[in-house]
Amino acid sequence: MMMSSANLRTWRRWMVAAAVIVAAITVFGATEARAELSVWNYDVLSNAQRFDADETLKPISIIGARNGTFSGAVAVESAEPIKGLKASVGRLASGSNVIDGKAIQVRFADNWNSSHRRYKPGGLDILLENAPAEVAASGGKALIGVWVTVSVPQDAAAGEYRGELKIEAEGSPAVTVPVELKVAPWVIPATEDWRTWMELIQSPDTLAIEYDVPLWSDRHWELIGRSLELIKQTGSRVIYIPLISQTNQGNEQSMVRWIRQADGTYKHDYSIMEKYLDLAEKHMGKPKMVVLYAWDIYLVRREKRPEVNENAPAYSQQQQRIAQKRWDLQNKGVTISVLDEKTGEVKTEYLPHFDDPSMRAPWQAVFAEVRKRLAARGLEEAMAMGMVNDQAPSREDLTFLHEVSGGLPWISHSHPPRLSGRPVVGNKLLHGLADISYEAHVYRIRYESDPAKSRSYGWKIPELRAFFGRHGIPNGGALRVRQLPEINITGQQRGVGRIGADYWYVVKNPRGERAGAVYSRYPENMWRNLNIDSYVLAPGADGPVATARLENLREGLQECEARIYIESVLLDEAKRARIGEPLAKRAQDLLDDRQRAIWRSLWTNEEHLKLLGTLGVHGNARNEHEAIWQALGKNGVKMPGFWDGKSRSMRSQMYRDGEQWFIKSGWQKRNEMLYNLAAEVQKALGE
């Protein structure tokens with residue numbers, strides 16, 4: 001039947017309207033539908049970079065040993081923001097043997113905020129314990145890492161365990177990734193027994209500022225406890241008790257507060273110190289070193305107030321103004337915290353200098369009481385005095401502090417070493433009076449790049465010396481921080497020191513950017529390039545959290561402990577004879593191969609590497625690359641200046657090439673062989 005013209009027009013209008021509605025529904029549906037998740041493997045050493053063109057999703061491969069903690073990861077990517085992200089692993093099984101979910105942690109790796117300007121770690125570094133509500137898209141993709149971390153029980157059976165990681169998000173089908181864990185039979189020692197030295201420094205003030213909580217409130221103590229728990233995982237057992245305020249470590253208050261009496265004398269409140277020690281012992285373990293921080297560089301006495309040269313470069317003028325402020329403060333006296341018992345208010349005030357006769361009795365009382373309280377905890381032998389850097393106290397200040405403290409040794413964080421080759425006790429390196437018992441230093445670090453030419457065993461040197469990686473070296477990447485301990489214990493250092501734990505940049509500039517660490521509030525005590533510019537923890541939504549670098553640092557330390565166990569047997573004639581020379585040779589070959597692989601990852605020119613042996617014994621090499629640079633120059637290789645543009649470009653390329661080579665070189669297989677070999681040596685000894 002033919003339609004009338006009017007009906008035809010009506011029908012056409014309805015069809016157009018219907019088409020518009022269908023198109024709208026299609027567009028709306030496309031907007032609401034989530035893009036499918038793309039899940040791909042990335043190496044925990046790679047900062048979530050894709051080095052492999054093969055996009056086939058493979059199992060997460062984890063290599064470990066009993067009583068250790070180990071991780072693997074995948075990346076989750078989408079063209080749209082990712083909402084409602086969840087991930088879980090139920091259990092891992094090897095036949096009838098099971099590692100249950102309580103030993104498995106799933107975390108979400110995120111980037112640092114772009115406002116974190118200096119020494120910002122790259123890649124997916126922050127390990128969040130809960131996924132963000134939304135992973136925003138940037139540059140056309142939303143990207144986040146999913147880490148599976150397994151704490152292998154000490155009594156777990158050796159073998160290959162398997163399980164599944166399930167990843168879900170709103171509007172996307174779930175993705176399942178196989179998880180494969182190989183457990184070697186060797187048992188990693190408890191962290192308090194590790195022989196590789198590690199010093200992570202905790203910052204109470206950073207946490208108070210980051211989470212906007214009052215100092216020493218219940219919430220603040222909870223946050224400090226979380227940091228200490230994370231520090232524990234590295235075997236670090238060093239804590240600082242500031243007896244003066246506003247130091248280079250950024251503490252606003254001293255942990256011993258002074259209370260002025262009506263007659264002008266003082267009594268003292270030790271409650272903050274006691275609470276901090278309680279938390280340290282609960283969350284970190286018994287400290288190996290308790291540093292009483294009683295001196296800093298603003299106390300260096302100068303007769304004349306420095307002047308500012310208005311014609312000097314801006315940086316020079318800045319340093320001159322800091323010197324003026326330092327001079328002004330030194331004339332005020334020693335900064336301490338004074339508590340008003342009635343109001344609970346705490347203020348920074350100034351005591352007369354140490355050379356004032358009226359100060360001997362009160363300071364002697366403080367040190368005597370601190371010693372008594374630490375002795376009651378079994379920590380009297382752990383006491384040390386701080387802090388020495390490139391500058392030391394004057395003879396007068398040192399004599400005073402030596403006498404009132406009962407002759408405590410000092411620690412030093414400096415450019416040049418002082419302790420190298422000196423007696424462990426009785427070295428009297430400070431004005432011929434006081435000992436230095438521990439130092440972390442920048443210059444004259446010794447490495448061994450070629451074990452065929454020379455071997456060192458830094459873990460067994462008598463003096464406690466550690467490498468201090470300034471300029472944020474531990475922020476530089478997962479691979480580098482993982483290798484720091486082994487590079488040093490195969491040289492002539494006991495390990496690594498002066499690393500910030502939670503020293504991320506918390507002080508913001510007027511633009512809201514993270515511009516400085518907590519100590520930047522006190523420029524009079526800035527140590528310039530000796531400041532703590534590294535941090536291996538990160539600010540999570542509800543408190544400090546781990547980073548990819550912290551996990552790699554921990555795994556690197558576990559590898560060191562396996563290495564040290566094997567080397568301790570190889571260096572003991574009786575034990576070496578018991579395991580037999582074939583096993584001893586196989587063990588040494590494996591350790592040498594590990595060492596060569598580390599240096600190959602740092603310097604990809606194999607012709608150059610053949611020229612190297614012992615590095616950094618002479619001169620002021622400040623890191624592995626500068627040590628290589630100096631050694632190549634001495635071997636006749638023409639090198640540009642270490643800090644010029646050409647050398648920076650060369651070093652950057654070496655890092656990239658070396659990282660990719662190492663990741664593809666079978667590093668997990670080398671670790672599997674290391675842990676299995678440690679177990680084989682142990683079995684041969686009948687231990």
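The values are calculated or read from the model by the stated rules, or taken from the named source; none is laboratory data. Keep in mind that this is a model prediction, so the values were computed, not measured. Note: ideal-geometry Cβ built from the backbone for every residue, glycine included; neighbour counts use all protein chains shown. Accessible surface is based on the protein model in full, side chains and every heavy atom, while ligands, DNA and RNA are left aside. Shrake-Rupley method; radii C 1.70, N 1.55, O 1.52, S 1.80 Å.
Which is part of a helix (DSSP H, G or I), crowded, with 24+ Cβ neighbours inside 10 Å and in contact with a strand residue (DSSP E or B) (Cβ under 8 Å, 6 or more places away or on another chain), of Leu479, Leu557? Even if it seems obvious, please write down each step before you answer.
On the way: Leu479 fails: in contact with a strand residue (DSSP E or B) (Cβ under 8 Å, 6 or more places away or on another chain).
Going through Leu479, Leu557 in turn, just one is part of a helix (DSSP H, G or I), crowded, with 24+ Cβ neighbours inside 10 Å and in contact with a strand residue (DSSP E or B) (Cβ under 8 Å, 6 or more places away or on another chain): Leu557.
Selection of first residues in the stretch 355-367 that are part of a loop (DSSP other than H, G, I, E, B) and of second residues that are modelled with pLDDT of 95 or more, restricted to Cβ pairs under 7 Å at least 6 apart or on distinct chains, gives the following pairs, ordered by first then second residue: Asp355/Glu396; Asp355/Phe400. Check off (1) under 26 Å from the mean Cα position of the chain (by Cα); (2) surrounded by 16 or more Cβ atoms within 10 Å (Cβ to Cβ); (3) not aliphatic (A, V, I, L, M) for Glu680 and give me the number that stays unchecked. Exception for Glu680: condition (1). For the stretch 370-425, the tally of residues that are touching a strand residue (DSSP E or B) at 6+ places or on another chain (Cβ under 6 Å), small (Gly, Ala, Ser) and in a loop (DSSP other than H, G, I, E, B) stands at 1. Annotation: of all residues in the stretch 294-334 being part of a loop (DSSP other than H, G, I, E, B) and of a type in the set (Lys, Arg), the one that is farthest from the chain's Cα centre (by Cα) is Lys304.
Do we have Trp221 as part of a strand (DSSP E or B) and either over 30 Å from Glu687 (Cα atoms) or open to solvent by 20 Å² or more (accessible area, probe 1.4 Å) (or both) here?
So Trp221 does not fit the description; no.
The residue pairs whose first member lies in the stretch 543-570 and is without any contact (Cβ under 8 Å) to a residue 12 or more places away in the chain and closer than 23 Å to Phe108 by Cβ, whose second member is of a type in the set (Ser, Thr, Tyr) and surrounded by 24 or more Cβ atoms within 10 Å (Cβ to Cβ), and whose beta carbons are closer than 7 Å, counting only pairs six or more residues apart or on different chains, do not exist in this structure.
Remark: pairs (first residue in the stretch 653-671, of a type in the set (Ser, Thr, Tyr); second residue open to solvent by 30 Å² or more (accessible area, probe 1.4 Å); Cβ separation under 9 Å; 6+ apart in sequence or on different chains) = Tyr655/Gly476; Tyr655/Arg480; Ser665/Arg600. Please enumerate the residues belonging to the stretch 41-77 that are open to solvent by less than 10 Å² (accessible area, probe 1.4 Å) and not in a loop (DSSP other than H, G, I, E, B). Answer for the stretch 41-77, where residues must be open to solvent by less than 10 Å² (accessible area, probe 1.4 Å) and not in a loop (DSSP other than H, G, I, E, B): Ile60, Ile62, Gly64, Ala65, Phe70, Ser71, Gly72, Ala73, Val74, Ala75, Val76.
Please verify whether Ala156 is touching a strand residue (DSSP E or B) at 6+ places or on another chain (Cβ under 6 Å), under 30 Å from Ile566 (Cβ atoms) and either part of a strand (DSSP E or B) or not hydroxyl-bearing (Ser, Thr, Tyr) (or both), treating the condition exactly as stated. Yes; evaluated as a whole, the condition is true for this residue.
Selection within the stretch 337-375: residues that are under 31 Å from the mean Cα position of the chain (by Cα) and over 15 Å from Pro242 (Cα atoms). The member of this set that is least open to solvent (accessible area, probe 1.4 Å) is Ala375.
For the structure I just gave you, tell me whether Arg528 is at pLDDT below 90 and either closer than 18 Å to His116 by Cβ or open to solvent by less than 20 Å² (accessible area, probe 1.4 Å) (or both). Give the steps one after another, and end with the answer.
Details: at pLDDT below 90: yes; either closer than 18 Å to His116 by Cβ or open to solvent by less than 20 Å² (accessible area, probe 1.4 Å) (or both): no.
No, not satisfied.
Would you check if there is a residue in the stretch 183-199 being open to solvent by 70 Å² or more (accessible area, probe 1.4 Å), touching a residue at least 24 places away in the same chain (Cβ under 8 Å), in a loop (DSSP other than H, G, I, E, B) and within 30 Å of Pro485 (Cβ to Cβ)? The answer is yes, given that some residue of the stretch 183-199 is open to solvent by 70 Å² or more (accessible area, probe 1.4 Å), touching a residue at least 24 places away in the same chain (Cβ under 8 Å), in a loop (DSSP other than H, G, I, E, B) and within 30 Å of Pro485 (Cβ to Cβ).
Within the stretch 484-501, the set of residues being within 19 Å of His471 (Cβ to Cβ) and open to solvent by 10 Å² or more (accessible area, probe 1.4 Å) is empty.
Is at least one residue of the stretch 627-635 at positive phi, at pLDDT below 90 and open to solvent by less than 50 Å² (accessible area, probe 1.4 Å)? No: zero hits.
Quick check on the stretch 591-612: of everything there that is part of a loop (DSSP other than H, G, I, E, B) and open to solvent by 10 Å² or more (accessible area, probe 1.4 Å), which residue is farthest from Glu561 (Cα to Cα)?
Taking the stretch 591-612 and keeping what is part of a loop (DSSP other than H, G, I, E, B), we get 603-605, 612.
Restricting the remaining residues to those that are open to solvent by 10 Å² or more (accessible area, probe 1.4 Å) gives 604-605.
Numbers: Thr604: 27, Asn605: 29 Å.
Result: Asn605.
Based on this model, can you work out whether Gly333 counts as in contact with a Leu (Cβ under 6 Å, 6 or more places away or on another chain), on the phi > 0 side of the Ramachandran plot and open to solvent by less than 50 Å² (accessible area, probe 1.4 Å)? Yes.
The residues on offer are Asp205, Asp212, and the sole one that is more than 27 Å from Asn389 (Cβ to Cβ) and at pLDDT 95 or above is Asp212. Within the stretch 279-329, the set of residues being open to solvent by 80 Å² or more (accessible area, probe 1.4 Å) and aromatic (Phe, Trp, Tyr) comprises just one member, Tyr315.
Can Ser652 be described as farther than 28 Å from Leu570 by Cα, under 24 Å from the mean Cα position of the chain (by Cα) and assigned to a helix (DSSP H, G or I)?
Details: farther than 28 Å from Leu570 by Cα: yes; under 24 Å from the mean Cα position of the chain (by Cα): yes; assigned to a helix (DSSP H, G or I): yes.
Criteria met by Ser652.
Residue count for the stretch 428-454 satisfying the condition of being surrounded by fewer than 18 Cβ atoms within 10 Å (Cβ to Cβ) and under 17 Å from Ala597 (Cβ atoms): 2.
Per this entry, Gly407 is counted among residues that are of a type in the set (Gly, Ala, Ser), on the phi > 0 side of the Ramachandran plot and open to solvent by 30 Å² or more (accessible area, probe 1.4 Å).
Rundown of residues vs (1) open to solvent by less than 30 Å² (accessible area, probe 1.4 Å); (2) touching a Phe, Trp or Tyr at 6+ places or on another chain (Cβ under 6 Å); (3) modelled with pLDDT of 95 or more, yes/no style:
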site	(1), (2), (3)
Ile82	yes, no, yes
Trp112	yes, no, no
Tyr119	no, no, no
Ile126	yes, no, yes
Glu129	no, no, yes
Gly140	no, no, no
Trp147	yes, no, yes
Glu160	no, no, yes
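If you go through the stretch 485-521 and keep only what is more than 25 Å from Gly543 (Cβ to Cβ) and out of contact with any helix residue (DSSP H, G or I) (no Cβ under 7 Å at 6 or more places or on another chain), you end up with Gly497, Pro510, Arg511.
Screening the candidates Glu229, Glu274 for the property of being within 30 Å of Gly68 (Cβ to Cβ), surrounded by fewer than 17 Cβ atoms within 10 Å (Cβ to Cβ) and at pLDDT 95 or above yields one hit, Glu229. Residues that are basic (Lys, Arg) and farther than 23 Å from Pro416 by Cβ within the stretch 439-459 comprise Lys453, Arg455, listed in sequence order.
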